Amino acid sequence: MIMTYEPRSAMDRGYIPVADISPKDALEKPILSFNQIGQTVVETDQMTGRNILQNVQAAIRGGAGTIQLVMMTSRKQPLGGGAKAIGKDLQQALREVALANQVNITGLELPTGATNNLSGWDPQGRRIDKQAQNESIKEVHDAIQFAASLGGGEVDLVSFEFPRALYEQDWNKKSFGKKVVEVGGERKVKERKMFEIPDEDVHEELRFVDAETGSVSALSRRRLPNPFFDEKLRKLSEEGKSYESLSGEEKLIFDRERYISWDDYLKRFTNSNEFREKFPEGMDKADQIKVRAVAFEKIGQEIFKREISSANAQIARTQDFMENDETRRTQTKAEIEMLENKNRAVELFRQQEGMLRQAGMSEREIEFRRRQAERVQNMPETEAREALADAKQKDAVFAERIGSYANEIEEQRRAKAEYERRKKNLKYFEDFAREQSVDGYKQAGIIAWQESKIHAKDLKKPLEIGPEIGWPQYYGGHPQEFIDLIDKARHKMSAELQKSHGLSENDAEEAAKKHIKGIFDTGHLGMWLEYFRPELPWDERVKEFKKWYMEQVKKISDGDYVSGIQAVDSATGAHAHLPPGQGILPVVEAVKEFKKNGFDGFVVSEGHEEEKLGQGRILWKAWQAFDPKLKTASYLPSVAWSSVHNSYMGRLYSPRYMVSSTAPIFGEYRPWAGGDNPIPFE
């Protein structure tokens, strides 16, 4: 911007640089004051090696009036830092530095490498791990205690609660036309959605969880056991037919119903009487995750019904084999007894004959035994000894096989018991994980409430905990999920405070609302651009995305969900950390919308990626974007930041002009060469 001079009196001519701004713009109230535009400060600067206190001091020297600390080390690491490694002296130093400079330390962000959900989701172990959830809650507790030592503030937890498919979420139901895709060699027509991942409905797994152990299993969404197949079998029976009576071609057609895709099954379920009974409010108003959870119960029961049936059949087959061998071994043992008592074989048979008839042996078999006894008694000694050795060897083989069958049956019974246990504890992954997340934030909110009571006299601002809006790939990343997570956690915390701590309904609700608040990261919301309307040309896509972006900002800012805003930009929509105004996202407009709706929390720039280009750009570029007012002499109006930002501060190149009175008088300047009267080089 070219600087001009607008003298206000004869005495100030040439001394007060202002921008070419209209009187109306000059009088317009800025979005934020200088003190309200802050920055995030990392625990340890990877480039300089500075510690947390040095980084805070450097930010203050750079002009930051608001600071959010970003922790980088987990409590589980024995060395390196984190809240556990900030002792009393350092806490005191941070308090004094903030107080002396009238700086607001708003709170801290937890290390994303250590804590990024409160559901207990462990992607490496593919499980919802109660121990992992407990570790995260301990990390939160440590952070809340540290925030309390600084006089209060928020604890920010980036929310990657658990993975879920985009295409089936209720906020992604709107259709934007049709498209033709190839699935399994077949061409199909599908609806275009606002957010799309190519072939997500084909590749995405259908997850379910064992509520007792937390282990997560998955099935292909394209081939699931069909709970409606039994109805078809019943109908066939009512018609007086059986499956076996069908022709080969009829069986092939019939067998197609044994399996069904998840999407086709949901369509049938939501048109069933069972759905109408359980969700009388209808599909549009029902909680879609709960709808899928109830629908999945039938799929899950079918999975394990077939597994249990298969186990029972296997047990029955093995028992048959074992019983046959036991019968044959009994016969072999009788033969051994005869051979060992060769001279009394016929007598032994006569003693056993009555018992054999009582046991139900046929006359034919009894006759065979009598002849065998006579043959043994008349057998030569040498032949009898050989026959005895063979019979004993045969008995040993039967004994080994019977023992093996017994072990196999025991294994199959254990497997069956495990199937029955899993069937009993089977839960739809998305529903179970969401409940775990809600419970985790409820516990964290109660910790903040309890610590607030303990440190009440030292707190200058409330202790708050909540999710930071996450990435699109995870629950908590969409604005609707962000709002729902906070609402449900508050509701659960309120109920717990009333039940276990004796608070009234109003007091409990106020406490939950006060202590559970999230962080709005403008860059994370911008990451949805990657999946937004991929069929559109880029320019049109960005234009439409910005409209959607601001609609979501209005939804979030409409309620009291947010304690602070991380103002961060991106040049493409991918995850980045540019200062506001350096990318394509409507960061300034978003903050304006929040302020319009009464937002009074903090705003911090998170543009760390430009610090390598010039120290201080994280803050200077934010000032440039939000354009706060600079104070001048008391009798003059404030000057907008845009009036002076064209100085040397924070620029990547040298200005092509001199500022204020240091510039030579017009006409005295001559270039080194060129013109009518050049200055010679020598």
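The values are calculated or read from the model by the stated rules, or taken from the named source; none is laboratory data. In this text, all values refer to a predicted model and were calculated from it rather than measured experimentally. Glycine also receives a Cβ, built like all others from the backbone with ideal geometry; neighbour counts cover every protein chain displayed.
Of the residues in the stretch 544-554, at least one is free of Cβ contacts under 8 Å to residues at least 12 places away in the same chain and either part of a helix (DSSP H, G or I) or closer than 24 Å to A64 by Cβ (or both).
Here the stretch 113-130 is the region considered, the condition is being surrounded by fewer than 15 Cβ atoms within 10 Å (Cβ to Cβ) and not small (G, A, S), and the residue that is nearest to P462 (Cα to Cα) is K130. Among residues of the stretch 460-482 that are under 16 Å from D156 (Cβ atoms), those with a beta-carbon under 9 Å from a residue that is assigned to a loop (DSSP other than H, G, I, E, B) and of a type in the set (V, I, T) at least six positions away or on a different chain give the pairs G476/I469; G477/I469; F482/I469. The set of residues in the stretch 531-541 being part of a helix (DSSP H, G or I) and buried (at least 18 other Cβ atoms within 10 Å of the Cβ) consists of Y531 alone. For the stretch 145-155, the criterion of being within 30 Å of K88 (Cα to Cα), of a type in the set (A, V, I, L, M) and surrounded by 24 or more Cβ atoms within 10 Å (Cβ to Cβ) is satisfied by at least one residue. Are any of the residues in the stretch 461-480 in a helix (DSSP H, G or I) and outside the structural domain of V291 (by TED's automatic domain parsing)? Yes, the conditions are met somewhere in the stretch 461-480. Among residues of the stretch 218-257 being surrounded by 13 or more Cβ atoms within 10 Å (Cβ to Cβ) and of a type in the set (S, T, Y), the one that is modelled with the lowest pLDDT is Y243.
For the stretch 594-650, a tally of residues being assigned to a helix (DSSP H, G or I) and modelled with pLDDT under 80 returns 3. Starting from residues that are crowded, with 23+ Cβ neighbours inside 10 Å and among the aliphatic types (A, V, I, L, M), keep the ones in the stretch 95-112 and report whichever is nearest to Q473 (Cα to Cα). Step by step, filter the stretch 95-112, then rank; the result is L110.
Are any of the residues in the stretch 556-572 surrounded by fewer than 18 Cβ atoms within 10 Å (Cβ to Cβ), in a loop (DSSP other than H, G, I, E, B), polar (S, T, N, Q) and touching a residue at least 24 places away in the same chain (Cβ under 8 Å)? Yes, the conditions are met somewhere in the stretch 556-572.
Of all the criteria given as (1) at pLDDT 90 or above; (2) on the phi > 0 side of the Ramachandran plot; (3) among the small types (G, A, S), the one not satisfied by S215 is (2).
Among the residues that make up the stretch 432-449, is at least one of them over 20 Å from R292 (Cα atoms), free of Cβ contacts under 8 Å to residues at least 12 places away in the same chain and in the same structural domain as A574 (by TED's automatic domain parsing)? No, because not a single residue in the stretch 432-449 is over 20 Å from R292 (Cα atoms), free of Cβ contacts under 8 Å to residues at least 12 places away in the same chain and in the same structural domain as A574 (by TED's automatic domain parsing).
Let's see how each residue does on (1) loosely packed, with under 15 Cβ neighbours inside 10 Å; (2) charged (D, E, K, R); (3) not in a loop (DSSP other than H, G, I, E, B):
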site: A286; (1), (2), (3): no, no, no
site: K290; (1), (2), (3): no, yes, yes
site: I299; (1), (2), (3): no, no, yes
site: R328; (1), (2), (3): no, yes, yes
site: A334; (1), (2), (3): no, no, yes
site: L348; (1), (2), (3): no, no, yes
site: R371; (1), (2), (3): yes, yes, yes
site: L388; (1), (2), (3): no, no, yes
site: I402; (1), (2), (3): no, no, yes
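Across the stretch 502-511, which residue is nearest to E464 (Cα to Cα) among those that are assigned to a helix (DSSP H, G or I) and free of Cβ contacts under 8 Å to residues at least 12 places away in the same chain? By that ranking, first place goes to E510.
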